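So the structure is just underneath, and the comments pick up after that.
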Amino acid sequence: MLYPFKEIEEKWQRYWQEKQSFKAIHSPDKKKFYCLEMFPYPSGKIHMGHVRNYTIGDVYSRYKWLEGYSVLHPMGFDAFGQPAENAAIKNNTKPDIWTHKCIDWMKIELKKMGFSYDWDRELSTCDSPYYKWNQWIFLKMYERGLAYRKASNVNWCSSCQTTLANEEVVDEGCWRCHTKVKQKDLEQWFLKITEYKERLLDSLKQLKDWPSRVIAMQSNWIGKSQGVEIYFRCKDSDKEITVFTTRVDTIFGATYVVLAPEHPLVKEIIKGKPQEKEILSFIEKVANESKVARVKEDVKKEGVFTGGYCINPTNNEVIPIWIADYVLMEYGTGAIMAVPAHDQRDFLFAKEHSLPMRIVIQPTGHPSTTLRSGSPQSTEQMTQSYEGDGVQVNSGEFDGLPNSEAKIKIAQWMEAQGMGKIVTHWRLRDWLISRQRYWGTPIPMIYCKACGVVPVPYEDLPVELPQDAPFTGEGGSPLGKVKEFVEAPCPKCKGNARRETDTMATFFDSSWYFLRFSSPHFQGSPFNAQEAKYWMPVDQYIGGIEHAILHLLYSRFFTKFFKDLGLIEFDEPFRCLLTQGMVLKDSEVMSKSKGNIVDPDSIIKEYGADTLRLFILFAAPPETELEWDERGIEGAFKFLNRVWRIQENLKDNAEPQLVRILHKTIKKVTEDIADFKFNTAIAGIMELVNAIYQMGADKEVFIKLVLLLSPLVPHFSEELWEKLGNTESILKSQWPNYDASLLVEEKASIVIQVNGKVRSKLEVARDIVEAELKPLVLADEKLKAWIQDKPVKNFIVIPNKLVNIVV
RNA sequence: GGGCGGAUGGCGGAAUUGGCAUACGCGCAAGACUUAGGAUCUUGUGGGGUAACCCUUGGAGGUUCAACUCCUCUUCCGCCCACCA
């Protein structure tokens with residue numbers, strides 16, 4: 001009764017493997033399509049998120065195969081990283097062995113889903129033929145000054161015993177284990193991604209087929225803001241305080257200056273002042289505060305007066321210098337000019353400490369502005385700051401100008417007078433890649449007492465990761481404890497030297513793997529330029545939104561770097577991007593801690609991979625969250641059985657009406673799959689199946705139905721395809737075309753509205769002219785009651801669709 | 001606070017971009033077949049009303065012959081960024 005999914009799936013998985021059905025072939029005469037899903041971390045088990053991600057990519061790849069493209073659809077493993085070390089400690093094994101075992105398990109599960117990967121191109125980032133090129137890339141970056149070492153205050157996770165990039169700090173905690181991050185000084189390797197900031201921002205414009213929110217997130221992360229740096233001379237010394245502002249139009253309203261507590265000038269300013277002691281204790285207090293607490297909105301802005309004064313260069317006014325916790329050393333210059341009348345934080349602070357304020361932007365007469373701002377005429381009346389637009393007042397020669405105009409004029413004037421400088425500020429920081437971990441790519445550098453920092457020569461690559469290292473889980477780089485690794489001759493003077501014992505952040509590994517897939521076994525360079533030229537860029541990239549910033553930004557950075565090396569001619573790696581939604585159960589993310597995980601393997605056992613694929617595709621559009629529903633799985637399974645039974649009752653000839661529906665379905669499914677609307681594509685196929693149950697299908701219709709299903713439920717379709725008498729795989733067939741002439745019906749069903757409400761329907765000849773249609777409509781009995789004897793004011797006709805009679 | 005995205009039956013979700021709201025599936029109900037049904041097939045299924053009809057896409061207005069779709073205001077939810085100067 002039920003279709004034998006188990007035998008079918010095993011049979012076709014074996015067939016595809018034996019026939020190498022998904023081998024990507026570089027054929028210059030054919031259009032290529034590179035479909036890539038973000039490769040997984042080999043934890044050993046695939047979860048529903050993987051299943052969803054990879055099913056989407058698989059359907060698209062198979063569809064492209066049938067459309068005649070030469071398809072590259074590879075899979076690999078992002079295999080370096082901490083869990084392998086933790087597992088090594090816990091299970092007393094080696095990270096290498098543990099990881100490869102996990103990869104093997106995962107491959108078995110991926111194969112059980114019937115994904116169309118070219119397994120000959122498989123790669124793992126933890127294998128030296130791959131990470132050798134990480135080292136090569138690092139050396140190239142070093143040569144060009146893009147990799148550099150710097151002692152710096154770094155984010156430190158005491159649980160993972162490692163440094164973290166700013167991007168890896170989430171809510172002040174480690175992105176992996178959520179332990180609170182501390183600050184620590186260490187010599188670290190950085191990549192100068194900031195050198196590419198303008199290009200990374202500008203070429204976002206090229207990415208027309210990326211989700212707009214990913215573009216926005218990247219753009220915010222790069223954080224370009226234009227403004228002016230203003231120099232405030234201190235009153236009693238030759239020191240200068242530089243502040244950054246994006247609102248230079250409010251400069252005449254600056255009534256005090258605020259420094260971050262950590263600002264280097266603070267100590268000098270307060271020296272010898274009566275308040276010195278009090279201020280130092282305030283600074284201490286802020287330093288001990290967690291950043292989370294400091295940033296909390298409801299917390300009062302705290303600050304103290306330094307006793308010092310400085311001079312506003314635009315009007316020579318002497319204004320006090322304060323210190324406050326709401327000014328951050330990490331942003332801008334660590335100092336601000338405070339304009340309480342036009343900045344809400346400054347406003348609250350000024351009220352609290354009875355500091356003066358001055359209005360310099362007066363809302364214009366425009367009612368909406370006035371109403372919303374409350375348009376106070378004096379500072380006493382103000383209950384909040386006014387941050388909107390208006391005209392300049394109390395601003396010297398700039399009075400009367402609209403502030404948007406004044407902003408530019410004041411900036412230019414100040415620059416000309418040497419009071420300040422027009423600058424562009426960026427939020428993007430250089431990328432810290434050093435990790436005090438074992439399971440990663442060794443950074444190919446040697447420290448020699450005589451020669452200093454010496455790069456490992458290219459011919460000595462790879463610097464292999466030693467098999468054995470002590471894992472205690474306690475501080476420092478495990479590699480530092482492996483004597484044979486650490487001790488190395490200096491490449492320059494051949495004297496005794498030490499290797500770098502830190503490894504690279506794993507985001508390095510994943511920043512170029514998509515290029516390696518074009519020629520995964522190539523020996524001469526990270527990838528074969530000819531192959532990359534044919535296959536790249538990735539035509540469709542699919543993965544989770546959680547990688548919207550880091551992974552995608554780094555990959556874009558590396559691609560631009562490769563272009564600068566002359567290895568490729570494009571500078572954006574991913575043409576189209578799809579970010580799939582998460583899989584939820586009971587409206588919550590599936591996770592171990594919540595204990596609501598549904599194991600794909602158990603679903604495959606009970607219903608088969610095709611049913612799982614079909615459910616996941618049908619339950620929601622790919623970009624939205626997907627609510628797991630056991631009954632939905634059963635529905636998908638029932639549908640496949642319903643299709644399976646059709647073959648038992650094929651007729652000799654299909655009715656013309658069914659053929660018409662078939663062609664409509666082909667059109668719909670083609671368009672929907674091309675647009676990733678798998679849910680409606682499947683709904684369309686279900687309608688066709690319902691029509692077949694009504695009218696009965698012949699073999700021709702059934703063949704087309706199976707073809708339409710084949711990207712979605714491949715094993716099922718291959719089996720039916722074979723039963724239909726085909727001797728070759730359905731993959732060798734072609735995506736069906738539809739006959740446009742069959743889509744046009746002879747009759748048109750017209751909806752008739754009276755005053756915009758549907759009152760009747762009418763079957764008329766297609767493309768009937770209005771003159772003929774009108775009397776037919778007006779003769780309709782059902783309309784009589786609605787029209788009565790009222791005069792027809794308007795008679796609106798939408799051809800072949802609708803008539804609206806206005807009375 | 002800033003940015004982006006949402007809100008449609010009991011549930012997941014459709015709606016050719018301004019033209020029949022609720023396609024398709026789940027669920028539910030009835031019937032057929034059956035020794036049996038948690039299988040299969042058929043039919044029904046937004047709400048109210050005996051009915052004619054009326055109401056319905058978070059809420060309030062507006063534009064239009066016609067609004068889930070466009071505009072204004074508003075409420076709630078999700079995600080990302082954030083004392084960003």
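The values are calculated or read from the model by the stated rules, or taken from the named source; none is laboratory data. Here the structure is a predicted model, which means the values were calculated and not measured. Cβ sites come from the backbone with ideal geometry, for glycine too, and all protein chains shown count toward neighbours. Surface areas here come from the heavy atoms of the whole protein model, side chains and all, with no ligands, DNA or RNA. Shrake-Rupley method; radii C 1.70, N 1.55, O 1.52, S 1.80 Å.
Quick look at the numbers
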item: Options A:571, A:564; residue that is under 30 Å from residue A:134 (Cα atoms) and open to solvent by 60 Å² or more (accessible area, probe 1.4 Å); result: A:564
item: Any chance residue A:751 is out of contact with any Pro (no Cβ under 7 Å at 6 or more places or on another chain), within 16 Å of RNA strand B (Cβ to nearest atom) and open to solvent by 20 Å² or more (accessible area, probe 1.4 Å); result: yes
item: Subset of region A:154-179 (residues that are more than 16 Å from RNA strand B (Cβ to nearest atom) and either of a type in the set (Lys, Arg) or modelled with pLDDT under 75 (or both)); result: A:154, A:160, A:161, A:162, A:163, A:177
item: Those helices (runs of 4 or more DSSP H) lying entirely in region A:1-100 with at least 2 residues open to solvent by less than 40 Å² (accessible area, probe 1.4 Å) and touching a Cys at 6+ places or on another chain (Cβ under 9 Å); result: A:48-66, A:82-91
item: Within region A:359-401, tally of residues that are open to solvent by 50 Å² or more (accessible area, probe 1.4 Å) and at pLDDT below 90; result: 14
item: Residue A:413 vs. criteria in a helix (DSSP H, G or I) and surrounded by 16 or more Cβ atoms within 10 Å (Cβ to Cβ); result: yes
item: Residues that are open to solvent by 50 Å² or more (accessible area, probe 1.4 Å), within 14 Å of RNA strand B (Cβ to nearest atom) and assigned to a helix (DSSP H, G or I), drawn from region A:757-802; result: A:770, A:781, A:782, A:784, A:785, A:786
item: Filter result (open to solvent by 30 Å² or more (accessible area, probe 1.4 Å) and in a loop (DSSP other than H, G, I, E, B)) within region A:258-272; result: A:262, A:264, A:271, A:272
item: Cross-chain or 6+ apart pairs with Cβ under 6 Å, region A:587-601 first and closer than 14 Å to residue A:43 by Cβ and open to solvent by 60 Å² or more (accessible area, probe 1.4 Å), then at pLDDT 80 or above and not acidic (Asp, Glu); result: A:597/A:590
item: Any hit, region A:677-700, residues being assigned to a helix (DSSP H, G or I), over 23 Å from residue A:22 (Cβ atoms), of a type in the set (Lys, Arg) and within 10 Å of RNA strand B (Cβ to nearest atom); result: no
item: Test result for residue A:534, aromatic (Phe, Trp, Tyr), outside any strand (DSSP E or B), touching a residue at least 40 places away in the same chain (Cβ under 8 Å) and surrounded by fewer than 21 Cβ atoms within 10 Å (Cβ to Cβ); result: yes
item: Single match in A:250, A:246 (criterion: within 21 Å of residue A:347 (Cβ to Cβ), touching a strand residue (DSSP E or B) at 6+ places or on another chain (Cβ under 9 Å), surrounded by fewer than 16 Cβ atoms within 10 Å (Cβ to Cβ) and at pLDDT 90 or above); result: A:246
item: Set A:618, A:574, A:561, A:557: member being within 11 Å of RNA strand B (Cβ to nearest atom) and among the aromatic types (Phe, Trp, Tyr); result: A:618
item: Condition met for residue A:483 (more than 30 Å from residue A:524 (Cβ to Cβ) and surrounded by fewer than 18 Cβ atoms within 10 Å (Cβ to Cβ)); result: yes
item: Residues located in region A:650-672, provided they are within 13 Å of RNA strand B (Cβ to nearest atom) and not polar (S, T, N, Q); result: A:661, A:664, A:667, A:668, A:669, A:671, A:672
item: Qualifying positions in region A:689-706 - closer than 23 Å to residue A:64 by Cα and open to solvent by less than 10 Å² (accessible area, probe 1.4 Å); result: A:701, A:702, A:705, A:706
item: Residue A:729, sole failed condition from (1) open to solvent by 40 Å² or more (accessible area, probe 1.4 Å); (2) under 28 Å from residue A:56 (Cα atoms); (3) of a type in the set (Ser, Thr, Tyr); result: (1)
